[in-house]
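Worksheet: the structure to be examined is printed underneath.
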Amino acid sequence: MKRIILDCDTGVDDALALLLAMRSPELSVAAITTVSGNTTAALAARNTLLTLALLGEGPFPPVARGETAPLERGLVTAAHVHGGDGLGGITKLRDADGSRRYPEPAPGLDPRDGPDLILDTVGRFPDAITLIATGPLTNVARTIIRSPARMRRVKELIVMGGAFRVYGNTTPVAEFNIFADPHAAQLVLDFGLPLTLVPLDVTESVCLMRPEVEALAEGAPLARFVRDVTREYTDYHARRDGFPGCYLHDPITVALAIDPTLLESAAAFVQVETTGDVTLGQTVADLRPGKRARPNARVCTAIDAERFLALFRERVMGTE
């Protein structure tokens, strides 16, 4: 069993990634930390507790609110994609009796901040933690700044971020998580942990389509949540990209920890543009055959989409 920390900016796809992680016997979730990105760190913490509550009674891993702003630049969020509550507006949904379909979760945040919870968890399980970051890398960078020696005991880091051979989803060249805090991303790359990037190159090759979600929503309770939480998210992609579905960026990142054979990757020397007016947040790597500089990361380049979707359906939507 792989012991993980999930560091997330809990919007729509983070919530789905969290459910996948919690419902996968290959993983043991030791801690969850939130960071500002898709929404604020505070709302991300609330959304994390709400998502965990869908799983019934605990015990659940400790959840801590982390960094509220990037290292050096101003805060940017993705409310236009994930909704004002970060979960596609589900906190406003009401059932026929007028009650909230997804009630406010009970208080339950850990008193530590996100970086301290990460450091304490790594200290409890040295050389045994896979840190999965599905939001901007601000928390991860802060833990490195606070205790580089402790962070050297992280076994591996898996990051949803970057765009290499495809367009960005925030600017023509930048993916959102890296764009939101490019300085943190460069600091983490420079630190030298075993690092795998799960970029748009693979996450935008897999779509969860609305007709399938609607068909399954009358089955398992979590399938109804998937329908509700992805409705506005799918509307966004229908308007912007012209298809009735949504991408599963963060669940794919968690799936790599569950089954590394789902994705292919290549070693690369990756850098982040931190100063460009037009290229801020761009991830740059020379992936040409025979042109490899000293690698500091692995970059995922392909995914078995059907096998991943089968895993997601079974674990999160309750289908075989």
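Every read-out reported here was derived from the displayed coordinates using simple, explicitly stated rules and does not represent laboratory data. Model, not experiment: these values are computed from the prediction. Neighbour counts run over all protein chains shown; Cβ positions are idealised from the backbone, glycine included.
Brief remarks follow.
- Listed peptides 4-12, 137-145 appear in the order 4-12, 137-145 once ranked by packing, highest mean of other Cβ atoms within 10 Å at the front.
- Between T33 and L6, D7, C8, A64, the built amide H atoms are under 5 Å apart, and every one of these is 5 or more places off in sequence or on another chain.
- Ranked for footprinting exposure by Cβ neighbours inside 10 Å, fewest first, Y167, Y233, Y247 give Y167, Y247, Y233.
- Footprinting exposure proxy ranking of S24, S147, S99, fewest other C-beta atoms within 10 angstrom first, gives S99, S147, S24.
- Of the two radii for region 2-132, the radius of gyration is 0.98 times the Kirkwood radius, both from the alpha carbons; that is the Rg over Rh value.
- Translational diffusion coefficient of region 87-137 (Stokes-Einstein, Kirkwood radius from Cα pairs, 10 °C, 1.306 mPa s): 109 µm²/s.
- In terms of other Cβ atoms within 10 Å, R46, R307, R315 run from fewest to most in the order R307, R315, R46.
- Phi-based couplings in Hz for region 223-233 (Karplus 6.51, -1.76, 1.60; Gly and Pro marked x): 5, 5, 4, 4, 4, 5, 6, 9, 4, 5, 4
- Reducing region 130-150 and region 87-127 to their Cα centroids gives an inter-centroid distance of 19 Å.
- Expressed as a fraction of 2.2 N^0.38 Å, the C-alpha radius of gyration for region 183-244 is 1.59.
- Additional length obtainable on full extension of the chain from R152 to V278, 0.36 nm per residue less Cα span: 42.0 nm
- The residues neighbouring R3, those whose beta-carbon lies less than 10 Å from its own, together hold a net charge of +3 under the Lys/Arg +1, Asp/Glu -1 convention.
- Angle between the chain longest axis and helix 41-53 axis [Cα atoms, degrees, rounded to 10]: 50
- For the chain: relative contact order, % (alpha-carbon pairs under 8 angstrom, 6 or more apart): 19
- Applying the Karplus relation 6.51 cos²θ - 1.76 cosθ + 1.60 with θ = phi - 60° to region 21-30 yields 3J(HN,Hα) values of 5, 5, 9, 10, x, 6, 10, 10, 7, 7 Hz, where x marks Gly and Pro.
- When the alpha-carbon atoms of the chain are used, the pair Rg, Dmax equals 18.2, 64 angstrom.
- Each of V81, A45, V213 was scored by the projection of its Cα onto the charge dipole of the chain, and the greatest displacement toward the positive side belongs to A45; charges sit on the C-beta of Lys, Arg, Asp and Glu.
- Take each peptide in 150-159, 271-280, 33-42, 61-70, count the other Cβ atoms within 10 Å of every residue, and average; sorted highest first, the result is 33-42, 61-70, 150-159, 271-280.
- Note that region 249-320 shows a convex hull volume over its alpha carbon atoms of 122 Å³ per residue.
- The alpha carbon convex hull volume per residue for region 14-69 rounds to 74 Å³.
- If you take the Cα centroid of region 182-227 and the Cα centroid of region 1-63, the two points sit 13 Å apart.
- Cα long-axis angle, helix 114-124 against the chain (0 to 90 degrees, to the nearest 10): 80
- For T301, the amide hydrogen comes within under 5 Å of the amide hydrogens of E264, S265, A266, counting only partners 5 or more places away or on other chains and with H modelled in the peptide plane.
- Stretch gain in nm, segment R3-A79, where the contour uses 0.36 nm per residue and the Cα spacing is subtracted: 24.2 nm
- Positive-end residue, region 133-195 charge dipole about Cα centroid, Cβ charges, pick of A149, T170, N139: A149
- Interchain or long-range residues, amide H under 5 Å from S28's placed H: K2, R3, I4
- Helix 182-191 axis, angle to the chain major axis (alpha carbon atoms, nearest 10°): 60
- Packing rank of 293-303, 171-181, where each peptide gets the mean count of other beta carbons within 10 Å, highest leading: 171-181, 293-303
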